[in-house]
Amino acid sequence: MIKRTFFTTLVTSLFSFSAQAESFSLPIWKDKAEALGYELPKAVGFSVSYMTLEQGISVDSIELTGMPIVDVFGLELEANGGTQKTEVMTLRADVWLLPFLNVYGLLGALDGYSQTEVSITRKNARSPKMAPIDFKLDLEGYTSGLGFVLAGGYKNVFGLVDVNYSKTKLSIIDGEIDAIVISPRVGYDLTKHGVPLRVWAGAMYQDVEQTLSGSLKDINAHLPEKAKFTVNQHLTTKWNPLLGLQYQVTDSWYLLGEVGLGDRKSAFVSIDHRF
């Protein structure tokens with residue numbers, strides 16, 4: 001499970017940030033935008049969110065060191081398709097600098113695993129083929145990132161593009177996960193019809209680089225301490241469709257839900273407070 005102490009610290013920091021929010025007079029050009037008939041959200045906000053995600057991975061290479069058997073038998077490793085499952089708890093603070101530009105920072109904690117099937121061939125043995133093995137890596141770490149949103153609309157129709165970069169530092173094994181996420185969306189605002197709801201459809205693009213390394217003893221306790229592994233892998237699918245909605249509880253509180261479909265399946269929920 002995601003570490004509660006880390007989560008509690010971030011919540012305390014964000015509430016301290018919200019106490020100073022009244023000093024902001026944003027967004028810039030607010031009066032001009034409202035004079036043109038645009039209804040703008042409150043400038044500053046923070047949100048708490050949870051996301052669970054499952055997607056396919058492709059392993060580019062697996063390297064083993066510190067195992068004499070690899071050299072004696074000339075072992076060759078080949079990874080088949082795999083799966084990565086993660087859950088992420090995130091705290092995010094944002095501000096509308098301009099009526100069409102929102103910038104934000106986020107901190108979070110990640111928990112999950114990456115699993116793939118590995119085929120083994122012994123080049124220097126009479127029976128070269130060995131039974132495939134499941135290669136599973138536990139993923140746990142802390143995430144930080146920055147992003148921005150470009151938004152616009154006409155009457156009840158709106159569109160936006162969300163772009164962010166995040167880095168996850170893993171704690172169980174060595175490695176970092178660098179991710180660039182781009183999410184365009186087009187939606188319809190029902191609030192002018194007396195329904196406090198916004199709905200949308202969109203897509204998510206993820207460009208993720210993963211280089212993971214560590215001791216094989218963490219995977220199998222019977223292996224020697226000096227046996228190490230290095231894995232390079234990437235996502236099999238970069239784009240997937242999204243469907244989402246936002247319910248306005250009050251003029252300051254919002255609930256948001258979004259699902260990802262296709263080869264990358266996800267569920268995202270958040271509660272957002274604006275002031």
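According to a simple spin-label model (label point 7 Å from Cα along Cα-to-Cβ), what is the distance in nm between LEU150 and ILE172?
Here the answer is 3.9 nm between the modelled labels.
Ranked highest first by the average count of other Cβ atoms within 10 Å around their residues, in what order do 36-43, 206-213 fall? Display every interim value, and only then the final one.
Working: 36-43: 13.0, 206-213: 17.1.
Packing proxy ranking, top to bottom: 206-213, 36-43.
For each pair in LYS30/LYS169; LYS85/LYS238; LYS136/LYS169, compute the distance between the two Cα atoms and list the pairs where it is over 27 Å.
Numbers: LYS30/LYS169 38 Å; LYS85/LYS238 16 Å; LYS136/LYS169 18 Å.
Where the Cα-Cα span goes over 27 Å, the pairs concerned are LYS30/LYS169.
Taking region 153-275 as the region of interest, what is the percent of Cα-Cα pairs per 10 angstrom bin, listed from the shortest bin to the one with the maximum distance?
Percent of pairs per bin, in order: 11, 30, 26, 17, 10, 5, 1.
Using the number of other C-beta atoms within 10 angstrom as an exposure proxy, rank PHE229, PHE135, PHE148, PHE100 with the fewest first.
Values: PHE229 23, PHE135 20, PHE148 14, PHE100 17.
The most exposed by this proxy come first: PHE148, PHE100, PHE135, PHE229.
Each reported figure results from applying straightforward, stated rules to the coordinates on display, with no laboratory input. Keep in mind that what you see is a predicted model, and the values were worked out from it rather than measured. In this analysis, Cβ positions are derived from the backbone assuming ideal geometry, glycine residues included, and neighbour counts consider all displayed protein chains.
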